[in-house]
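Chemist: Here you go, one structure.
Values in this text are rule-based calculations from the coordinates and carry no lab data. What you are looking at is a predicted structure, and each value in this text was computed from that prediction instead of being measured. Using ideal geometry, Cβ is built from the backbone for each residue, glycine included, and neighbour counts are taken over all protein chains shown.
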Amino acid sequence: MAAGQVLFMEEAAFPDAFLRREEAAQSRSMTSIQGGEIGPLSGIKVIDLTSVLMGPYATQYMGDFGADVIKIEPPAGDLIRNVGPSRSASMGPLFLNANRSKRSVVLNLKTPEGRELLLDLCRDADVMVYNVRPAAMKRLGLSWEEVRAVNPRLIYAGLCGYGQQGRYAARPAYDDLIQGGATLSHLFMLSGSEEPRYVPTAIADRVVGLTALGGILAAIIERNRSGVGQRVDVPMFETMVSFVLSDHLGGLTFDPPLDRGGYARQLARDRRPLPTADGHVCALVYTDEHWRRFLKAVGQDELMEIDSRFASFGARMQNLTFVYGWLAEIFRTRTSGEWIDLLDEADVPVMAMHTFETILRDPHLADVGFFAAVEHPSEGGTIAMANPVQMSATPVEIARFAPRLGEHTVEVLRELGLPPDRIANLLDRGIVAESAAATVD
């Protein structure tokens, strides 16, 4: 299908700008670039041992930035391959959305030959990334010391649950556990929920993945100065405690404490999308200038002068419940679309409250070409998301589609210099595996 043509969705559901995706596709293409040829990380080779979401999110960014990311998978494949609806086995949506711009190699690391092949791949690599407990890497014979011995320039990045000097170091960790441990679940109760909850998206995995990306890139810059690689540890627990408490440590920042902690505005029970005549809208009337513009737009210019509860930022913070209640009442008087038009005109922060369906029709995302209707080689029609980062000199492009399990095994082994008979032997003995579409010859 041609670029820009909507696949498996009704054409009427999308704005014209989305259907004109072909123009945007000229700069944000879904091509089959060998490891990325023009991105800012072009020439960087990444050995990706990560799975599920946290690590793959970091390495997907590296692939989008032009690195040659070689995803090493066990014979059964990454667990996330089989989560969610799919058209074929092992190609579910969570996998597709966290593993583009990578090549897939199936390698049984529990065998001596599999380990040696992995070390061979590391000899000229720039980065190796894993997200299992360090003890598991040691059992595989792939500890920092063992990998550094074959390539002292390698950046050895571990995304694990907890810092290795602490008492939790050996524990398993998952997004839900870290959310609770980092006080996110407690925030729900402080803001009015009767029971603690988890944020309904893998926020810890994503935040830690992006934090790891920053650490890895910093280590690459330092390596380029010193010529020596290093170990980079990115613990989930510590990362998320920092992420949450940067907002909510509050008066506990001081010794002795000035209060019990928590950012009052963020914890206000009425801080939520505002009800309108036909739904909800997200608006933030925050600064004094916002309030002057808002009140003028709704014909109540004098309110800040005649009601002390609105007079200043401090006064509104002290009367949050009343202020939020007042806003809720006035927002019921217009439709969501009317509020968006009115507040846009007044330069007051406002945003539609999207659903999964309406976000696909957002006109701004259509303008910037964020969504693309693309034909995956094996999965057919898909809706792909562009990388949000854009650079003027080194365009960020989607280097390749999310791979089938073992799609690039033979290709990568050939690059290692293995002859066809050796590759065939490794395949026969299950040391490596390939997808059905790959060939040895």
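Chemist: Quick check: net charge around ARG404, other residues with Cβ under 10 Å of its Cβ, Lys/Arg +1 and Asp/Glu -1? Working shown, then result.
Modeler: Details: positive: ARG81; negative: GLU379, GLU407, GLU434.
Combined, the nearby Lys, Arg, Asp and Glu give -2.
Chemist: Please name whichever of ALA212, PRO196, LEU121 sits farthest to the positive end of the charge dipole of segment 102-222, dipole taken about the Cα centre and charges placed at Cβ: Lys and Arg +1, Asp and Glu -1.
Modeler: LEU121
Chemist: To continue, here is another question. Report the one residue of SER336, VAL323, LEU303 whose Cα lies farthest in the direction of the positive end of the charge dipole of segment 286-344 (charges on C-beta: Lys and Arg +1, Asp and Glu -1; origin at the Cα centre).
Modeler: Toward the positive end, the furthest listed residue is VAL323.
Chemist: Below 8 Å between Cα atoms, with a sequence gap of 6+, how large is the relative contact order for the chain in percent?
Modeler: Numbers: 780 pairs, mean separation 101.5, N = 441.
In percent, rounded to a whole number, it is 23.
Chemist: Give the long-range amide H neighbours of THR335: residues separated by 5 or more places, or on another chain, with amide H under 5 Å away, using H modelled in the peptide plane at 1.01 Å from N.
Modeler: Placed amide hydrogens put ALA277 under 5 Å from THR335.
Chemist: Continuing with the same structure: Percent relative contact order of segment 312-427, based on C-alpha pairs within less than 8 angstrom and at least six residues apart? Walk me through the numbers on the way to the answer.
Modeler: Values: 46 pairs, mean separation 10.8, N = 116.
That works out to 9 percent.
Chemist: Give me the Kirkwood hydrodynamic radius of the chain, using the inverse of the mean 1/r over all pairs of distinct Cα atoms, in Å to one decimal.
Modeler: Working: mean 1/r = 0.0403 Å⁻¹.
Its Kirkwood hydrodynamic radius stands at 24.8 Å.
Chemist: Given the convex hull of the Cα atoms of segment 68-119, what is a quarter of its surface area in nm²?
Modeler: On the way: hull surface 15.6 nm².
So the Cα hull casts an average projection of 3.9 nm².
Chemist: Looking only at the chain, where both bridge partners belong to it, what percent of the DSSP beta bridges are antiparallel (to the nearest 5)?
Modeler: Details: 13 of 35 bridges.
Taking every DSSP beta bridge with both residues in the chain, the antiparallel ones total about 35 percent.
Chemist: Taking the Cβ of each residue in CYS282, CYS122, CYS160 as the centre, tally the other Cβ atoms inside 10 Å and list the residues starting with the fewest.
Modeler: Numbers: CYS282 16, CYS122 21, CYS160 25.
By the 10 Å Cβ count, ascending, the order reads CYS282, CYS122, CYS160.
Chemist: Quick one: ASP341, ASP233, fewest Cβ neighbours within 10 Å first, how do they rank?
Modeler: Values: ASP341 13, ASP233 18.
By the 10 Å Cβ count, ascending, the order reads ASP341, ASP233.
Chemist: Translational diffusion coefficient of segment 274-352 at 20 °C, 1.002 mPa s, Stokes-Einstein with Kirkwood Rh over Cα pairs, in µm²/s as a whole number. Please report the intermediate quantities before stating the final value.
Modeler: Details: Rh = 12.6 Å.
The Stokes-Einstein estimate is 170 µm²/s.
Chemist: Based only on the alpha carbon positions, what is the Kirkwood hydrodynamic radius of segment 170-264, in angstrom?
Modeler: On the way: mean 1/r = 0.0656 Å⁻¹.
One over the average 1/r among Cα pairs gives 15.3 Å for segment 170-264.
Chemist: Mind putting a number on the dipole of the chain about its Cα centre? Charges go on the C-beta only, +1 for Lys and Arg and -1 for Asp and Glu, and I need it in Debye to the nearest 20. Can you show the working numbers first?
Modeler: Values: 43 positive and 56 negative charges, 293 e Å.
Computed about the Cα centre, the dipole is about 1400 debye.
Chemist: First select every other residue whose beta carbon is under 12 angstrom from the beta carbon of CYS282; then total the charges, Lys and Arg +1, Asp and Glu -1. Mind dumping the intermediate values first?
Modeler: Numbers: positive: ARG271, ARG272; negative: none.
Local net charge: +2.
Chemist: Please list, ordered by chain and number, the residues whose modelled amide H lies under 5 Å from the amide H of GLY381; skip anything fewer than 5 residues away on the same chain.
Modeler: Result for GLY381 returns HIS376.
Chemist: Which order do SER101, SER246 fall in if you start with the one that has the fewest other Cβ atoms within 10 Å?
Modeler: Working: SER101 29, SER246 9.
Ascending Cβ contact count within 10 Å gives the list SER246, SER101.
Chemist: How much of the calculated P(r) for segment 356-430 lies past 16 Å, in percent of all Cα pairs?
Modeler: Values: 1854 of 2775 pairs.
Tail fraction, whole percent: 67.
Chemist: Still on this model: Quick one: which residues, 5+ away or cross-chain, put their amide H under 5 Å from the amide H of ARG231? H built at 1.01 Å from N.
Modeler: Under 5 Å from the amide H of ARG231: TYR156.
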